Amino acid sequence: MENVTNSRRDFLKKSAMTGGGLVLGFNWFNVEAAPVIVADSAIAAGNIGFNSYLSIAADGIITIMSPNPELGQNIMTSFPMVVAEELEADWTKVKVLQANLDNKFQRQLTGGSGAVPHSWKLLRTAGATAKAMLIQAAAQKWGFPAAECSAAIGFVTHPSGKKSGYGDLAEAASKVPVPTDVKLKDRKDFKIIGTRVRNVENKKIVTGKPLFGMDVYREGMLFAMVQRPESFGMKLKSVDAAAAKAMPGIVDVVTFKNNVAVVGKSTWQVMKARKLLKVEYEKDGAIESTDDHNKLFLSLMDTGTATVRRKDGDVDAAFKNAAKVVKGEYQCPFLSHSPMEPMNFFADVRADGIELIGPTQTPAGARSQVSKLLNVPEDKITLQLTRLGGGFGRRLQNDYALEAAEVSSLMKAPIKLVWSKEDDMTGGVYRPAVRYRFEAALDASGNLTGYKLRGVGINSGNSTRENNFPSGAVDNLLIDSVEHKSPITTGAWRAPITNFLAYAEQSFLDEVAQAAGKDPVAFRLELLEKAKAKPVGDIRYDINRMIGVIKLAAEKSGWGKNKNVSQGFSVYFSHASYVAQVAEVEMQSGMPVVKKIFAIADCGQVVNLGGARQQVMGGVVDGFGHAMYSKLSFKDGAAEQKNYNTYRLIRMKEIPEVETHFVDNGIDPTGLGEPALPPTGGAVANAIFKATGKRLRSQPFIDQDVFKAIS
Amino acid sequence: MPTYKLQINGKMLQADVEADTPLLWVLRDHLGLVGTKYGCGIAQCGACTVHVNGGATRSCVYPVSAVGSSPVLTIEGLSEKGDHPLQLAWDEVDVAQCGYCQAGQIMTAAALLKKTPKPSDEDIANTMHGNICRCGAYHRIREAVKLASTKA
Ligand code: FES
Ligand code: FES
């Protein structure tokens with residue numbers, strides 16, 4: 001197994017397709033269209049309507065082109081696994097190519113946990129089609145009916161003892177008509193899907209091979225760093241670059257929009273010269289601090305203009321007639337994405353076209369934005385994808401790629417534009433800060449008769465997910481949201497909105513269960529049974545799948561049985577998958593310590609068990625770490641935390657044990673890059689409540705009283 | 001600009017750079033050794049970890065002028081064929097997610113194993129605590145260091 005970055009023109013060469021063989025082209029975004037045999041010349045020309053390829057060369061090497069950006073979600077491994085399964089391939093003969101940006105890849109992005117769900121049927125069909133053609137070729141060669149032949153581990157065999165390798169059959173298979181009605185395997189016959197297959201890029205990663213955008217170096221390339229306004233709400237007034245320009249290795253200092261770019265011959269020279277820039281800024285909008293936001297949250301909660309997101313029944317009546325009303329508020333700070341690899345991009349803007357290389361979750365977006373910015377047609381722009389040193393949503397934005405293109409165009413030179421870690425943290429596109437108010441009405445027997453949620457967020461859009469549970473299970477419900485527009489920029493952060501909403505909501509449901517005198521698990525199950533029996537309004541989640549993960553989580557964690565630990569429960573549906581978690585807390589010298597988190601996921605069919613475990617464990621660590629330790633606060637429009645010394649991320653000694661389980665229900669894959677993160681904060685907060693009697697009403701938890709002595 | 005002769009991965013390499021240039025940028029920008037990563041630049045994350053004189057060193061804050069005749073080892077030189085016990089363990093345990101922090105994690109662990117071939121769980125946690133993995137691969141990092149120590 002090996003893999004290389006690839007331009008489509010190089011496909012034949014790199015897939016060893018020189019001596020003829022079978023090449024199937026299929027359309028990555030058209031799930032219904034059958035694969036088609038593609039002639040070598042058509043691929044070389046690079047202008048046909050296929051965007052994914054599967055080739056089998058005479059030497060038996062199978063090459064699969066993976067179009068999605070790889071940022072650690074392991075798509076470069078799981079994508080070919082699906083094809084290889086149906087193809088009955090010998091996994092050791094499978095090569096993966098990372099495709100470059102192609103006009104035809106309409107979902108060539110990483111975000112929304114959608115890669116595997118989207119391509120599931122398509123990839124299987126491609127593999128099954130190739131298998132059927134290889135069998136047909138063998139049957140013709142031997143003079144037996146195809147139905148008597150079968151395929152396994154890269155060979156077609158016949159009960160008579162005949163046996164041929166895929167490589168030997170590939171040429172003949174390319175002459176066979178493409179079947180349009182191939183049968184997909186029964187999942188009980190899966191040999192590769194659902195097993196643990198190692199990451200195909202492991203070897204390169206552990207030996208330090210150039211894989212990332214930061215590793216792109218080109219003869220004659222210049223390095224650029226950009227000084228941006230340090231405060232949101234400020235704009236550029238004047239620049240004195242004389243001292244910076246006089247520094248060794250500095251080629252020029254150029255200004256565009258509110259940015260001052262220092263361009264030089266090495267990263268360090270640029271970093272040093274940049275400190276000598278004398279830049280003045282002036283006010284251009286509101287200059288806000290976290291203190292202002294805290295006051296705004298309280299006032300907007302009562303007086304803000306709310307957009308109604310969902311309304312069922314008559315909430316006013318429900319609250320008027322309630323035997324008991326429960327209220328709870330929860331707040332979350334801004335967060336930085338801070339992937340380990342800072343933002344960077346390579347751009348070479350020349351008269352004959354533009355070459356872009358770098359890490360982005362949305363390559364097509366990067367190209368179209370650069371096209372607009374520099375007024376160069378898209379077909380004159382190439383984009384080569386590198387591996388992403390983390391994304392978490394930050395690289396859905398292409399601001400840094402645009403900066404690279406703009407500086408290259410101003411300098412008329414190939415540019416690698418690099419952000420420092422401080423640039424990453426102070427440069428915006430944060431998870432928005434949000435405050436929630438929940439209210440619940442209970443009748444005399446502790447039934448939830450009314451439910452209200454208001455989200456107030458800063459540049460958060462709709463800070464609720466109005467159709468998620470418990471919507472559908474409550475007769476009278478009102479969900480609305482208020483947004484404060486701020487110059488502080490925000491964007492999608494792994495599991496957008498749900499990454500903090502879930503914590504707030506799952507904590508509140510715990511409060512309600514407690515007020516109703518019910519066990520938190522039983523309380524949720526009761527609500528779900530009610531939604532099943534008597535659904536209210538639109539229900540967008542699968543009630544049975546949610547019940548399934550709740551029950552399995554209770555079982556695996558021995559819910560309520562272990563009296564030596566304090567357990568907290570949480571369950572959440574996001575990105576089409578269901579995850580329930582139980583956190584276990586012990587008190588140590590008067591402090592709560594999170595010892596273990598059980599995570600039970602229903603993401604449909606698991607493709608790569610290794611990758612799936614990574615996503616769940618990583619999601620739990622991410623969810624726990626940020627809820628526990630991380631915050632980005634503002635003073636006069638500027639981020640107060642600028643690097644890892646003040647912006648705290650979880651480290652090794654702080655991780656709890658994590659135990660993962662997957663529901664095996666045979667449903668098609670429904671995504672796993674994000675869904676394990678949202679439930680964690682709630683499970684932990686509820687366990688800490690159990691242990692200490694204190695509700696954790698805001699993040700990061702480490703700032704709360706129960707942790708005061710150890711922070 | 002002064003010329004520095006550096007002993008890196010068993011070879012003598014040469015770079016014309018200013019004295020305060022961090023070893024990290026000499027490796028990356030001038031010597032083509034890009035396995036050593038820039039993460040934070042302030043000795044907080046460990047992504048830039050190399051060995052100087054056998055000890056784990058954060059190359060982002062280590063000026064080239066301080067290297068002198070000390071041998072430097074980077075991820076590219078850890079083993080000839082990529083088969084150092086840690087590299088094999090990293091593959092076996094499937095540690096990496098995005099992979100960006102992993103060269104620094106491995107170099108940090110390699111320095112530990114050199115000094116303490118059979119580290120306790122506590123030794124491992126204490127040493128690896130200094131390296132950030134934003135993807136949260138900590139469980140597998142711990143497991144892989146342990147595994148390598150049993151095989152070495
Ligand atoms: S880059 Fe050197 S410690 Fe982070
Ligand atoms: S694997 Fe991504 S930062 Fe460690």
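Computed from the coordinates by the stated procedures, all read-outs in this text should not be read as laboratory data. This is a predicted model, so every value here is computed, not measured. All Cβ positions, even for glycine, are placed from backbone atoms using ideal geometry, and neighbour counts span all protein chains on display.
Figures for the structure shown
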| quantity | calculated |
| --- | --- |
| Scope segment B:121-138; condition within 7 Å of chain A (Cβ to nearest Cβ) and surrounded by fewer than 22 Cβ atoms within 10 Å (Cβ to Cβ); matching residues | B:Ala125, B:His129 |
| Selection from segment B:8-47 of residues that are among the polar types (S, T, N, Q), assigned to a loop (DSSP other than H, G, I, E, B) and farther than 20 Å from A:Glu341 by Cα | B:Asn9, B:Thr21 |
| Identity of the residue in segment A:563-606, among the charged types (D, E, K, R) and in contact with a strand residue (DSSP E or B) (Cβ under 7 Å, 6 or more places away or on another chain), that ends up farthest from A:Ala627 (Cα to Cα) | A:Asp602 |
| Test: A:Gly353 is small (Gly, Ala, Ser), surrounded by 17 or more Cβ atoms within 10 Å (Cβ to Cβ) and touching a residue at least 24 places away in the same chain (Cβ under 8 Å) | no |
| Selection count where residues are within 11 Å of chain A (Cβ to nearest Cβ) and of a type outside the set (A, V, I, L, M, F, W, C), scope segment B:95-120 | 7 |
| Odd one out for A:Lys708 among (1) within 10 Å of chain B (Cβ to nearest Cβ); (2) over 23 Å from the mean Cα position of the chain (by Cα); (3) without any contact (Cβ under 8 Å) to a residue 12 or more places away in the chain | (1) |
| Residue match in segment A:394-404 (condition: within 23 Å of the chain's Cα centre (by Cα), at positive phi, surrounded by 24 or more Cβ atoms within 10 Å (Cβ to Cβ) and within 14 Å of chain B (Cβ to nearest Cβ)) | no |
| For B:Gly68: the one exception among (1) assigned to a loop (DSSP other than H, G, I, E, B); (2) out of contact with any strand residue (DSSP E or B) (no Cβ under 6 Å at 6 or more places or on another chain); (3) more than 13 Å from chain A (Cβ to nearest Cβ); (4) in contact (Cβ under 8 Å) with a residue 40 or more places away in the chain | (4) |
| Residue satisfying all of: in segment B:49-65; within 11 Å of another protein chain (Cβ to nearest Cβ) and crowded, with 21+ Cβ neighbours inside 10 Å; nearest to ligand 2 (Cβ to nearest atom) among these | B:Cys60 |
| Within segment A:266-284, considering residues that are touching a residue at least 40 places away in the same chain (Cβ under 8 Å) and surrounded by fewer than 15 Cβ atoms within 10 Å (Cβ to Cβ), the one nearest to the other protein chains (Cβ to nearest Cβ) | A:Glu280 |
| Matching residues in segment A:175-206 - criterion: being in contact with a Lys or Arg (Cβ under 9 Å, 6 or more places away or on another chain), in a loop (DSSP other than H, G, I, E, B) and within 10 Å of chain B (Cβ to nearest Cβ) | A:Arg196, A:Glu201 |
| Candidate set from segment A:365-398 (those that are among the charged types (D, E, K, R) and away from ligand 2 (no atom under 15 Å from the Cβ)); member that is nearest to A:Val621 (Cα to Cα) | A:Arg367 |
| The lone exception for A:Thr498 - which of (1) closer than 23 Å to A:Lys534 by Cα; (2) surrounded by fewer than 24 Cβ atoms within 10 Å (Cβ to Cβ); (3) in contact (Cβ under 8 Å) with a residue 24 or more places away in the chain it fails | (1) |
| Any hit, segment A:423-431, residues being of a type in the set (D, E, K, R) and over 25 Å from the mean Cα position of the chain (by Cα) | no |
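To keep it simple, each residue is scored yes or no on (1) touching a Leu at 6+ places or on another chain (Cβ under 6 Å); (2) closer than 28 Å to B:Met12 by Cβ; (3) within 16 Å of ligand 1 (Cβ to nearest atom).
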position	(1), (2), (3)
B:Val50	no, yes, yes
B:Asn53	no, yes, no
B:Ser70	no, yes, no
B:Ile75	no, yes, yes
B:Glu92	no, no, no
B:Thr108	no, yes, yes
B:Pro117	no, no, no
B:Cys133	no, no, yes
B:Ala137	no, no, no
